[in-house]
Amino acid sequence: MIRHLFTLIWNRKRSNFLLMSEILLSFFVLFAVSVLLVSNYYNYQQPLGFEYENVWELSVNPGQDTLNRTEKVSQIMRRLQSTPGVVAVTSTSSNTPFSFSTMNTTQYTYKGKGGPLTERYDADDDMVKVLRPKVVAGRWFDRRDAAATRPPVVVNQKFVEKLFGQESPVGKVLVTSDGKEEWQIVGVVETFRSGSDFASNDPAIFDRRILQDSAVLGAYEMPVLLVRVQPGSGAVLEQQVVKDIKDISKGWIAKVNTLQENRHDKLKIMLTPLIALGVVALFLIINVALGLFGVLWYNINQRKAEIGLRRAMGATGSGISAQFLGEMLVVTTLGVLGGVLLAAQFPLLGAFGVETPVYIMAIVLAALLIYTLTAICAFQPSRIAAGIQPAVSLREE
Amino acid sequence: MEPTLTKSALLPDAAASISLKNTPMIKLLDIEKVYQTDTIETVALNRVNLTINKGEFVSVMGPSGCGKSTLLSLMGLLDEPTGGTIEIDGRSVTSYSDRELARLRNHKIGFIFQSFHLINDLSVLDNVELPLLYRAGLSGKERRQRAHAALDKVGLSARTRHFPSQLSGGQRQRVAIARALAGAPEIILADEPTGNLDSVMGDEIMDLLLGLNRVEGTTIVMVTHDENMAHKTERLIRFFDGSQVS
Ligand SMILES: Nc1ncnc2c1ncn2[C@@H]1O[C@H](COP(=O)(O)OP(=O)(O)OP(=O)(O)O)[C@@H](O)[C@H]1O
Ligand SMILES: [Mg+2]
């Protein structure tokens, strides 16, 4: 019977080819959608690499006041550090966790090897106390770095993987491609996915930039402070903090957000296109299903005489339905196989920087979806086929 | 279920089959068939009592619409009567399940249709193998051998790789006959087997059926519109408006 199925399918290759192409195309589209959904889900499952609970973001806007900015910000930081309820304070660049700003560069090279696209953050010694990234090799910045000959940097593991491979990175010197600037790696953190819960694990580098020591805020630079507070701190502390800032800076505008709120806002904005995509994908799937359903329905109506004949020759109703499901299974499998061959090129070529397990999961998901879809679409028509009476064979068309 | 499944098909000499002549093969008792559509009720068969004996070659005639095809579909277990009992080889099939009916059709009955009903996407050989596909316990090799043997009997062993569209009408009907023979049935039901053929080809087909009946003792019921054909058979039954008239 299986041989017979293959003979039938082979002899009907022209019409089956169309069906197979439809399945292959649908598989491919579902694969693309799956990659997006799976990779987002995959990222969502990964650790962020820092702790955002009980961290506040203070945006300080000096407005027209350009006088002694650096000094005033340092003074604010010292005041905050001594405020009861505040655990630690760090000053950083505007690309804080869950913000809408990014600062990336490819300037870091190692022994002539170009560096990956890397997100760059300003950091000071206390950032490790505020965001608590997990240091896995070397150490975080501290006082010792003030005397360093080369500016110290901390990188994440992804950066190490891209630039050093298996080599140990601590102590290595990074240079710009023109050789004018140099940095020394003092430590490695595990991951740092600050963009959003859906951000992929990209290379990151932290530059030591201490306001109190040497750095001077540029004329248009907005100081951003991150403050870790004691769990349970609320409005009272927030008012205190804003008041302190105003006292010191005389008229600067200060705004407090929790990172939790920022995360939530970012998540909403990231989810919107994903939901839209999901809806589009759903319509697509319905479309594919209707198409398949129509083709199968048409097929069975075309083959009523054949079905009647087979029944007259001794096929049972369930035998007929099994034959149709079997044919559909073979054609679907051929289509899916073609689709998998195409889809497998993406992980093989390492395209789009998506991790291989994501591609594999997406392939499995797309294949499952296609099989479910064809099973659903083939079910009703094959039941109809099973119900066709053998007597139709005696009626002439 | 039937221990003597292919007995008569395996009996080569005519004398042996003639001795079976008085045992009923198909028996219709008070058969009634009413087709019920939304508004119209058509009585296709009205209280038909008919016995076809083993090894008989019976032809059925009658005007169009008198119920000949309906009669054949009931004898072939393709449809159920609305009243009455059908007995095949001495057993009533009234309580048979779909599976049992399918099995009986497969083992006992071969069909030949006016418009051949070959599957165009299958080769001649694959078409002839069709009834054997639905028979358990046959290897691919056995199926092939039987199909070749059946094609040999109808003189088409040179055309096994052809497709139906590459054959003439007479050749197609011979393929259909080979298909009916492949399963070695005791009964062949033929609904106007020569209806779509010219008289020369029709005679060829008729000779094949006559030979089959004479040599293998196959019971044959044939619907025809051709008096000449009908008179070549042992018995002629006439139908009019759902009832047997002679
Ligand atoms: N499936 C059906 N539904 C309703 N009526 C039917 C059906 N099949 C047959 N009939 C009716 O039953 C009657 C007998 O039909 P049948 O096909 O047996 O005639 P027939 O003797 O074979 O005619 P012909 O010589 O034209 O083939 C006709 O009146 C026909 O219209
Ligand atoms: Mg008819």
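The values are calculated or read from the model by the stated rules, or taken from the named source; none is laboratory data. If you're wondering where the values come from, they're calculated on a predicted model, not measured in any experiment. Cβ sites come from the backbone with ideal geometry, for glycine too, and all protein chains shown count toward neighbours. The accessibility values were calculated without ligands, DNA or RNA, using every heavy atom of the protein model including side chains. Shrake-Rupley method; radii C 1.70, N 1.55, O 1.52, S 1.80 Å.
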Hits among lysines - C-alpha to C-alpha of residue B:33 under 21 Å, sequence gap 8 or more where chains match: B:68
For the protein assembly as shown, what D do you get in µm² per second when you plug the Kirkwood radius from alpha-carbon pairs into Stokes-Einstein at 37 °C and 0.692 mPa s? 103 µm²/s
Placed amide H near residue B:44: partners under 5 Å, 5+ positions off or other chain: B:33, B:34, B:35
Could you list log10 I(q)/I(0) for the stretch A:194-352 at q = 0.09, 0.10, 0.20, 0.21 Å⁻¹, which the Debye formula gives when each Cα is one point scatterer? -0.67, -0.73, -1.41, -1.44
Over 17 Å, how big is the tail of the calculated P(r) for the stretch B:143-235, in percent of all Cα pairs? 47 percent
PRE reach from residue B:165 (point 7 Å along Cα→Cβ): which of the stretch A:4-20 fall under 18 Å by backbone N? A:7-19
Residues of the stretch A:104-146: accessible area per residue with a 1.4 Å probe, Å²: 50 Å²
What does the average come to when, for each residue of peptide B:116-122, you count the partner chain Cβ atoms lying within 10 Å of its Cβ? 6
If R₀ is 56 angstrom, what is the calculated FRET efficiency for the pair residue A:255 and residue A:21, using the beta carbon separation as r and rounding to 0.05? 0.50
Classified through the alpha carbon gyration tensor (a ≥ b ≥ c as square roots of its eigenvalues; rounded if a/c is under 1.5, else prolate when a/b is larger than b/c, else oblate), chain B comes out rounded
Which entries in A:134/A:172; A:113/A:180; A:111/A:180; A:158/A:268; A:246/A:266 show an alpha-carbon gap greater than 23 Å? A:158/A:268; A:246/A:266
Under 5 Å between amide H atoms, partner at least 5 residues away or on a different chain: which partners does residue A:172 have, H built in plane at 1.01 Å? A:185
As a test of the formula, what do you get for the protein assembly as shown when each DSSP H run with n ≥ 4 contributes -39,500 (n - 2.57) and the sum is divided by the residue count, at 222 nm and rounded to the nearest 500 deg cm²/dmol? -14000 deg cm²/dmol
Residue B:100-residue A:200 pseudo-label distance in nm [points 7 Å out on the Cα-to-Cβ vector]: 6.6 nm
If you stretched the chain out fully between residue A:117 and residue A:135, how much longer would it get, using 0.36 nm times the residue separation minus the C-alpha to C-alpha distance? 4.3 nm
At a probe radius of 1.4 Å, figure out the A/B buried accessible area, summed over both chains, and give it in Å² to the nearest 100. 2500 Å²
Ordering B:96, A:371 by accessible area with a probe of 1.4 Å, largest first, what comes out? A:371, B:96
Net +/- balance of residues flanking residue A:309 in space, Cβ distance below 10 Å, scoring K and R +1, D and E -1: +4
Label point distance in nm, residue A:345-residue A:87, each placed 7 Å from Cα along Cα→Cβ: 5.1 nm
Starting from the alpha-carbon convex hull of the stretch A:94-208, give the projected area averaged over all orientations, in nm². 6.9 nm²
Using amide H atoms built in the peptide plane, which far-off residues or other-chain residues are under 5 Å from residue A:181 H to H? A:176
For a paramagnetic label modelled at 7 Å from the Cα of residue A:329 toward its Cβ, which residues of the stretch B:126-146 fall within the zone defined by backbone nitrogen distances under 17 Å? none
So for the stretch A:39-97, using the alpha carbon gyration tensor with a ≥ b ≥ c as root eigenvalues (a/c under 1.5 gives rounded; past that, a/b versus b/c decides prolate or oblate), I'd call it oblate
Just subtract the alpha-carbon distance of residue A:283 and residue A:176 from 0.36 nm times their residue separation and send over the number in nm, one decimal. 33.6 nm
Each label point is 7 Å from the Cα along the Cα-to-Cβ direction; what then is the distance between the points at residue A:246 and residue B:38, in nm? 8.1 nm
